[in-house]
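Encoded as structure tokens, the structure appears first; notes follow it.
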Amino acid sequence: MNRAPPLAWAGLLLARPLIMGILNVTPDSFSDGGLHATAEAAIAAGAAMREAGADIIDIGGESTRPGAAPVSTAQEIERILPAITALAAQGAVISVDTRNAATMAAALNAGARIINDVSGLTHDPAAPALAAKRGCPVVLMHTRGTPATMNAQAHYTDIATEVLAELTQRRDAALAAGIAPEAIALDPGLGFAKHGAQNLTLLQATARFAALGHPLLIGLSRKKFIGEFGGEPNPAKRGPGSIAAGLYAVAQGAHILRVHDVPETVQALRIWQRLNRE
């Protein structure tokens, strides 16, 4: 089911690419683990992202990097709620990065507006009904397995076609659960159950995912394949490669970039937009 190109999502116009700033309130995320582990640090970082031009602040309390161990829902909620409450009170548009229905509910009650689920609402059986009942926007991401097992499942004959089909199935399951089509954004899940050059092949197929007619989110910031092909082993120094790949995705139809380096990406997008208007 293809739809007309979306004009807005989560109350935000899509006339220009949106920036989703990554705020991990975790000790073990691959790039920024521990940097925002206290409530004060997380709130300050989120406010700085918003001031720099982030349209959405994506707050997570459980690392889903390859090999990451799960945390309890109680611990996840304890980590994220102070930042969500404070930043929502400041007027920020908050998405909650979680696989767990209880965390989704707590975050929405605290002021989050969007659910961003790396499992595409498949990890927690209660998640689809909760999202439908709350009527909130959702991001459905493609992956296979869990953070502990996904690398072993990165086997594809035609990665773009297979990921497109699997992500479409998750979209259709969300619709069947009662989630409105206009509430759904899609994410092909770069780096999740994908190795090395598979990510480049998938990124080159961005237009095929955008053609589904839902807002398309691309999350490639600082990921391993950026370092692999950009020659940078340190995740914190992968901003330039991330921006280059992000601009490529936008040119192919992506609507939202999920990034660590908000000020730099905002500046790059402003120049990109200006050049494309002239």
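Derivation of every value follows stated rules applied to the coordinates shown; laboratory data play no part. Predicted model only: the values in this text are computed from it and were never measured. FYI the Cβ positions are ideal-geometry reconstructions off the backbone, even for glycines, and counts take in every protein chain you see.
Quick look at the values:
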quantity	calculated
Shape of the stretch 120-261, Cα gyration tensor, a/c cut at 1.5	prolate
Chain lengthening between Ala69 and Thr149 when straightened (0.36 nm per residue, less Cα-Cα)	27.7 nm
Length-normalised contact order of the chain in % [C-alpha pairs under 8 Å, at least 6 apart]	20
Candidate lysines - alpha carbon under 23 Å from Lys237, same-chain residues fewer than 8 apart omitted	Lys194, Lys223, Lys224
Unit charges at the beta carbon, dipole of the chain: most positive-side option, Met49, Gln75, His123	Met49
Packing-based exposure ordering (other Cβ within 10 Å, fewest first) of Ser119, Ser63, Ser221	Ser63, Ser119, Ser221
In Å, descending, principal axis extents of the Cα set of the stretch 129-188	35, 24, 15
Lys133 versus Phe229: modelled label distance in nm, points set 7 Å from Cα along the beta carbon direction	4.3
Gyration tensor verdict on the stretch 19-166 (Cα atoms; rounded if a/c is under 1.5, prolate if a/b is larger than b/c, oblate otherwise)	prolate
Value of [θ]222 nm, deg cm²/dmol, for the chain, DSSP H segments ≥ 4, -39500 (n - 2.57) each, nearest 500	-13000 deg cm²/dmol
Label point distance in nm, Glu51-Ala126, each placed 7 Å from Cα along Cα→Cβ	3.8
Of all DSSP beta bridges in the chain, antiparallel share, percent nearest 5	5
Only Lys, Arg (+1) and Asp, Glu (-1) charged, at Cβ; the chain dipole about Cα centre in debye	440
Percentage relative contact order, the stretch 86-184, counting C-alpha pairs under 8 Å, at least six apart	25
